[in-house]
Amino acid sequence: MLSHDSGLKPWHLGGKDLIPVVQGGMGVCVSAGGLAGAVASMGGVGTLSSVDLRRLHPDLMAKTGHLDKEPDAGAQIDAANLEALDREIRRARELAQGRGLLAVNVMKALTAYETYVHQALASGADALVVGAGLPLDLPELAKDFPKAALIPILSDARGVQLLVRKWQKKGRLPDAVVIEHPGLAGGHLGAAKVADLHDTRFDFEVVIPQALAFFKTAGIEREIPLIAAGGINCREDILRLQALGASAVQLGTAFAVTHECDADPAFKKVLADARPEDLVEFISVAGLPARAVRTPWLDKYLRLEPKLQNAAHVKAKCNMSFDCLAHCGLRDGVASMGQFCIDQQLGHAFDGDTRKGLFFRGAARLPFGNQIRSVQELMQWLLGGVRPAALV
């Protein structure tokens, strides 16, 4: 599919030559087996988000959706989510038909982070992508699966240097590194506070050369491909980033508005219709800056946030009974963090509830405006600059 005259270079990961496009992991359930499998089937990297995938399986929700104060509620929900992750990886593999690569995104901030890592590997994921924290322990967790590619998400060259040096002491190098620009990406962002999101140290023109210079100094030049993530929407962007030294690019929102995306059509419409002035940056319940569409729920929450933070206190139990985050501003009563249930709000978004949902979105304009198109059409645009007929 990657035409010889496109000027784009394929790249190598997990023993395969791939097109230089990675689909980012998006939860809850936005990128599951359907989307990831479709992307992999075209020779790219399709990524499943590991969080709360039971929502895609009515039988698992029937078993666990009602659980609340039962002493084993958390254990039952975790078990259902692990079963759902296994099912979704198998679904993606059937769709991919041996093409491309299948990755699973696991947030370091999750309470069940280690369990999800083990399940993803046992279920046959080709790669693990880990962000929302420094995954310094990933080499140990994946030691029984030496063929699985390990890919941390970082935002600046200092983080790359720190992680690589720590991993080197464990006898492992990252198989690739996602360089995610917090000023451009969607969802949880790799900066300490909202005011830092647009710091120039995160610019690709700064981070990529600095990371490559470090690799050269460390004697590992050309061993770790870099994947640029955030603000990418056309072939010219990919050409520019490959010229800087990136091997591939990662897109999230552009894939979230494809037909194959696993979320409700109303979810896709909210993202596709959002204008730049509709996007807002705030602190998530995970304590990280985040970017989302200003929907009725988010608008109301941001108005009430100061009051909610002033009233923050430790809760007797998690809203959803399975403690999805290791550190949760709402459950733990941390006034400096968000005061809402993120699994609940992201679940509403996945279901297409435009009034109650939290709709994460990247900052860039979308390749096809407010149109919902197929993965194939998106790939043809990104790789060959070919627009769908109706848009020409």
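The values are calculated or read from the model by the stated rules, or taken from the named source; none is laboratory data. Nothing here was measured: the structure is a model prediction, and the numbers come from that model. Note that each Cβ is placed from the backbone with ideal geometry, even for glycine, and that neighbours are counted across all protein chains shown.
For region 121-129, the criterion of being part of a helix (DSSP H, G or I) and either basic (Lys, Arg) or in the same structural domain as Ile342 (by TED's automatic domain parsing) (or both) is met by none of the residues.
Would you confirm, using the coordinates I've provided, whether Val30 is touching a Ser or Thr at 6+ places or on another chain (Cβ under 7 Å), among the β-branched types (Val, Ile, Thr), assigned to a loop (DSSP other than H, G, I, E, B) and in contact (Cβ under 8 Å) with a residue 60 or more places away in the chain? Judged against the criteria, Val30 is a match.
Selection of first residues in region 272-288 that are closer than 17 Å to Lys300 by Cβ and of second residues that are among the hydroxyl-bearing types (Ser, Thr, Tyr) and surrounded by fewer than 16 Cβ atoms within 10 Å (Cβ to Cβ), restricted to Cβ pairs under 9 Å at least 6 apart or on distinct chains, gives the following pairs, ordered by first then second residue: Ile283/Ser336. Checking each residue in region 381-392 for being part of a helix (DSSP H, G or I), surrounded by fewer than 20 Cβ atoms within 10 Å (Cβ to Cβ) and touching a residue at least 24 places away in the same chain (Cβ under 8 Å) picks out only Gly384. Across region 341-379, the number of residues qualifying as over 30 Å from Leu110 (Cα atoms) and buried (at least 19 other Cβ atoms within 10 Å of the Cβ) comes to 6. With the condition kept exactly as written, say whether any residue in region 49-72 is assigned by TED's automatic domain parsing to the domain that holds Ala185, under 20 Å from Leu150 (Cβ atoms), buried (at least 18 other Cβ atoms within 10 Å of the Cβ) and not aliphatic (A, V, I, L, M). The answer is yes; a qualifying residue exists.
Could you tell me whether Ser321 is farther than 24 Å from Gln23 by Cβ, hydroxyl-bearing (Ser, Thr, Tyr) and in contact (Cβ under 8 Å) with a residue 60 or more places away in the chain? When the stated conditions are applied, Ser321 passes them.
When region 265-298 is filtered for residues that are of a type outside the set (A, V, I, L, M, F, W, C), in contact with a strand residue (DSSP E or B) (Cβ under 8 Å, 6 or more places away or on another chain) and within 18 Å of Pro182 (Cβ to Cβ), the ones remaining, listed by number, are Glu281, Ser284, Pro289, Arg291.
For the criterion of being outside the structural domain of Val30 (by TED's automatic domain parsing), touching a His at 6+ places or on another chain (Cβ under 8 Å) and in a loop (DSSP other than H, G, I, E, B), Gly287 passes. Residue count for region 313-329, restricted to those that are surrounded by 17 or more Cβ atoms within 10 Å (Cβ to Cβ) and at pLDDT 90 or above: 0.
Residue count for region 39-55 satisfying the condition of being over 21 Å from Arg361 (Cα atoms) and in a helix (DSSP H, G or I): 3. Screening Lys143, Lys108 for residues that are of a type in the set (Lys, Arg) and either in contact (Cβ under 8 Å) with a residue 12 or more places away in the chain or surrounded by 23 or more Cβ atoms within 10 Å (Cβ to Cβ) (or both) leaves exactly one candidate, Lys108. Tell me yes or no: at least one residue of region 124-132 is buried (at least 17 other Cβ atoms within 10 Å of the Cβ), farther than 18 Å from Met26 by Cα and in contact (Cβ under 8 Å) with a residue 24 or more places away in the chain. Among the residues of region 124-132, not one is buried (at least 17 other Cβ atoms within 10 Å of the Cβ), farther than 18 Å from Met26 by Cα and in contact (Cβ under 8 Å) with a residue 24 or more places away in the chain, which makes the answer no. Restricting region 200-221 to residues that are without any contact (Cβ under 8 Å) to a residue 12 or more places away in the chain and assigned to a loop (DSSP other than H, G, I, E, B), which is farthest from the chain's Cα centre (by Cα)? This residue is Gly219. Tell me, which residue of region 176-197 that is farther than 15 Å from Ser284 by Cβ and of a type in the set (A, V, I, L, M) is surrounded by the fewest Cβ atoms within 10 Å (Cβ to Cβ)? Per the criteria, the residue is Ala195. The residues of region 225-271 that are assigned to a helix (DSSP H, G or I), touching a residue at least 60 places away in the same chain (Cβ under 8 Å), out of contact with any Lys or Arg (no Cβ under 7 Å at 6 or more places or on another chain) and closer than 26 Å to Val194 by Cβ, listed by number, are Ala254, Phe255, Phe267, Val270.
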